[in-house]
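K.L.:
Quick one: the structure is below, questions incoming.
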Amino acid sequence: MPLVKPNIVISRCFVDAVRYNGARISSSFMDELKNHVNFIPVCPEMEVGLGAPRLPLRLVEKKDGVHMIQQKTERDFTDSMSDFASSFLSGLKDIDGFVLKSKSPSCGIASVKIYASMEKKPAVRRDKGLFAEKVKERYSNLPVESEGRVTDPDIKENFLTAIFSLSEFRNLKKNITSQGKLVDFHTGYKLLFMAFSQSRMRIMGKIVANHEKHPFSSVIESYEREFMEIFTRRANRKSHINVLQHAFGYFSPKITAGEKKNFLSLLQRYKNGDIPLNFLLEIVRVYIARTGDSYLIRQKYFNPYPEELQWR
Ligand code: SF4
């Protein structure tokens, strides 16, 4: 199945000069992504009537909760931001994830400074921005990242894998009518699921097998629930090693003793954190292409998102 472009809501300041200081944020990750996904840009602060440039906002803790207040004018934007966020988010359709600007009192997904007052004093704690908080509440099962966090290769890998998988399933769901197609889809995702959660993978296997003969509509619903849930988890080094050892069982009978030794030594180096996952995956892709193992060829695990994004 060809890769389907995910639909990603992004902070608009990654593409337009809408920051409080009238600037645009440059992000290499967003530059990489732009040809491979559909961006849905939004600037919550512009949407509540603030222009660019504008006086900055800050989050202030009060007795009844956190308020969004404009410094200098002391205008309170809490209600207008909350109303905008609710109406914007409830109007979204077919969304696969979010990339929001870090540290912003609106878009920051964590570590945004919360102050006790408008006085010039240090922040008392850190939390999410007001718009980001609503995003996380409403879309708790979708990947939400910031441009800062995706500089970590593992976070980036998980995010890209999740958004491309979610968009592929969304597309499949639109056209699927038979159990056979779902079985096919599931088979191609087995190793990927194994990396994210073995227990979920087994649950999904049972749903697809459908020994209880549930109607197909309820099978696809249950499967979707688990599919969304599995990508709220993270694949980690240990789970990748487990999957790669499993894959090794398929291609090892068809490679030479020297190649086996080399692969196992690279696996150890990955385990020690000396080489990145992509380096190892590239080697396995070569073995798969050469040995032609039909089970491994169809595994999404080895190509979960466009090749151009794999080596950035
Ligand atoms: S961080 Fe959010 S609110 Fe601030 S400029 Fe960017 S899009 Fe607008």
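The values are calculated or read from the model by the stated rules, or taken from the named source; none is laboratory data. What you are looking at is a predicted structure, and each value in this text was computed from that prediction instead of being measured. Neighbour counts are summed over all protein chains in view; Cβ atoms, including those assigned to glycine, are modelled from backbone coordinates with ideal geometry.
K.L.:
Answer yes or no as to whether Ile275 is in contact (Cβ under 8 Å) with a residue 24 or more places away in the chain and either surrounded by 14 or more Cβ atoms within 10 Å (Cβ to Cβ) or within 23 Å of Met201 (Cα to Cα) (or both).
P.N.:
Numbers: in contact (Cβ under 8 Å) with a residue 24 or more places away in the chain: no; either surrounded by 14 or more Cβ atoms within 10 Å (Cβ to Cβ) or within 23 Å of Met201 (Cα to Cα) (or both): yes.
For Ile275, the condition - in contact (Cβ under 8 Å) with a residue 24 or more places away in the chain and either surrounded by 14 or more Cβ atoms within 10 Å (Cβ to Cβ) or within 23 Å of Met201 (Cα to Cα) (or both) - is not met.
K.L.:
Continuing with this model, one more query. Given (1) surrounded by fewer than 17 Cβ atoms within 10 Å (Cβ to Cβ); (2) touching a residue at least 24 places away in the same chain (Cβ under 8 Å), where does Phe159 come up short, assuming only one miss?
P.N.:
Condition not satisfied by Phe159: (1).
K.L.:
Just need a number here: residues in region 1-22 that are assigned to a loop (DSSP other than H, G, I, E, B), within 16 Å of the ligand (Cβ to nearest atom) and within 29 Å of Asn171 (Cβ to Cβ).
P.N.:
Of region 1-22, the ones assigned to a loop (DSSP other than H, G, I, E, B) are 1-6, 15-22.
If we keep only those that are within 16 Å of the ligand (Cβ to nearest atom) as well, we get 15-22.
Pick out the ones that are also within 29 Å of Asn171 (Cβ to Cβ) and you get 15-16.
Here the count works out to 2.
K.L.:
Another question, then. Taking the conditions exactly as written (in contact (Cβ under 8 Å) with a residue 12 or more places away in the chain and part of a strand (DSSP E or B)), does Ile25 satisfy them or not? Reasoning before the result, please.
P.N.:
Working: in contact (Cβ under 8 Å) with a residue 12 or more places away in the chain: yes; part of a strand (DSSP E or B): no.
Here the answer is no, as Ile25 does not meet what is asked.
K.L.:
Could you pull out the residue among Lys136, Lys120 that is away from the ligand (no atom under 16 Å from the Cβ) and basic (Lys, Arg)?
P.N.:
Numbers: Lys136 fails: away from the ligand (no atom under 16 Å from the Cβ).
Sole residue among the options that is away from the ligand (no atom under 16 Å from the Cβ) and basic (Lys, Arg): Lys120.
K.L.:
So which of Ala132, Ala123 ends up being closer than 30 Å to Phe159 by Cβ, of a type in the set (A, V, I, L, M), out of contact with any helix residue (DSSP H, G or I) (no Cβ under 8 Å at 6 or more places or on another chain) and in a helix (DSSP H, G or I)? It would help to see each step written out before you state the result.
P.N.:
Details: Ala123 fails: in a helix (DSSP H, G or I).
Of Ala132, Ala123, the one residue that is closer than 30 Å to Phe159 by Cβ, of a type in the set (A, V, I, L, M), out of contact with any helix residue (DSSP H, G or I) (no Cβ under 8 Å at 6 or more places or on another chain) and in a helix (DSSP H, G or I) is Ala132.
K.L.:
Another question, then. Quick check on my filter: what residues within region 202-255 are over 28 Å from Phe98 (Cα atoms) and of a type in the set (S, T, N, Q)?
P.N.:
Asn210, Ser217, Ser218, Asn242, Gln245, Ser252
K.L.:
Among the residues of region 197-207, write down those that are in contact with a Phe, Trp or Tyr (Cβ under 7 Å, 6 or more places away or on another chain) and either under 28 Å from Arg237 (Cβ atoms) or hydroxyl-bearing (Ser, Thr, Tyr) (or both). Please lay out each step first, then the result.
P.N.:
So in region 197-207, the residues in contact with a Phe, Trp or Tyr (Cβ under 7 Å, 6 or more places away or on another chain) come out as 200-201, 204, 207.
If the condition is that a residue be in contact with a Phe, Trp or Tyr (Cβ under 7 Å, 6 or more places away or on another chain) and either under 28 Å from Arg237 (Cβ atoms) or hydroxyl-bearing (Ser, Thr, Tyr) (or both), then Arg200, Met201, Met204 are the ones that fit.
K.L.:
Continuing with this model, one more query. Out of the residues in region 97-111 that are more than 8 Å from the ligand (Cβ to nearest atom) and within 15 Å of Glu137 (Cα to Cα), state the one that is surrounded by the most Cβ atoms within 10 Å (Cβ to Cβ).
P.N.:
The selected residue is Phe98.
K.L.:
To continue, here is another question. Mind listing just one residue for me: the one in region 114-134 that is under 26 Å from the mean Cα position of the chain (by Cα) and touching a residue at least 60 places away in the same chain (Cβ under 8 Å) and, of those, surrounded by the fewest Cβ atoms within 10 Å (Cβ to Cβ)?
P.N.:
Restricting to residues being under 26 Å from the mean Cα position of the chain (by Cα) and touching a residue at least 60 places away in the same chain (Cβ under 8 Å), the top hit is Asp127.
K.L.:
Here is a follow-up. Those residues that are in a helix (DSSP H, G or I) and buried (at least 19 other Cβ atoms within 10 Å of the Cβ), I need them from region 191-205; list them, please.
P.N.:
Leu191, Leu192, Phe193, Met194, Ala195, Phe196, Met201, Met204, listed by residue number.
K.L.:
Sticking with this structure for a sec: Quick one: Ala52 ticks every box in (1) within 13 Å of the ligand (Cβ to nearest atom); (2) under 14 Å from Ala116 (Cα atoms) bar one, so which box is it?
P.N.:
Result: Ala52 fails condition (2) only.
K.L.:
Quick one: in region 23-49, which of the residues that are over 30 Å from Glu307 (Cβ atoms) and loosely packed, with under 15 Cβ neighbours inside 10 Å is farthest from the ligand (Cβ to nearest atom)?
P.N.:
Gly49
K.L.:
Next question. Just to be sure before I move on: is Gly49 under 23 Å from Asp83 (Cα atoms), small (Gly, Ala, Ser), at pLDDT 95 or above and outside any strand (DSSP E or B) in the structure I sent? Spell out the reasoning first.
P.N.:
Working: under 23 Å from Asp83 (Cα atoms): yes; small (Gly, Ala, Ser): yes; at pLDDT 95 or above: yes; outside any strand (DSSP E or B): yes.
Against the criterion (under 23 Å from Asp83 (Cα atoms), small (Gly, Ala, Ser), at pLDDT 95 or above and outside any strand (DSSP E or B)), Gly49 qualifies.
K.L.:
Name the residues in region 206-235 that are over 25 Å from the mean Cα position of the chain (by Cα), assigned to a helix (DSSP H, G or I) and more than 16 Å from Thr187 (Cβ to Cβ), would you?
P.N.:
Phe216, Ser217, Ser218
K.L.:
Have a look at Lys34, Lys72 and point out the one that is under 30 Å from Phe185 (Cα atoms) and either touching a His at 6+ places or on another chain (Cβ under 6 Å) or without any contact (Cβ under 8 Å) to a residue 24 or more places away in the chain (or both).
P.N.:
Details: Lys72 fails: under 30 Å from Phe185 (Cα atoms).
Answer to the check: Lys34.
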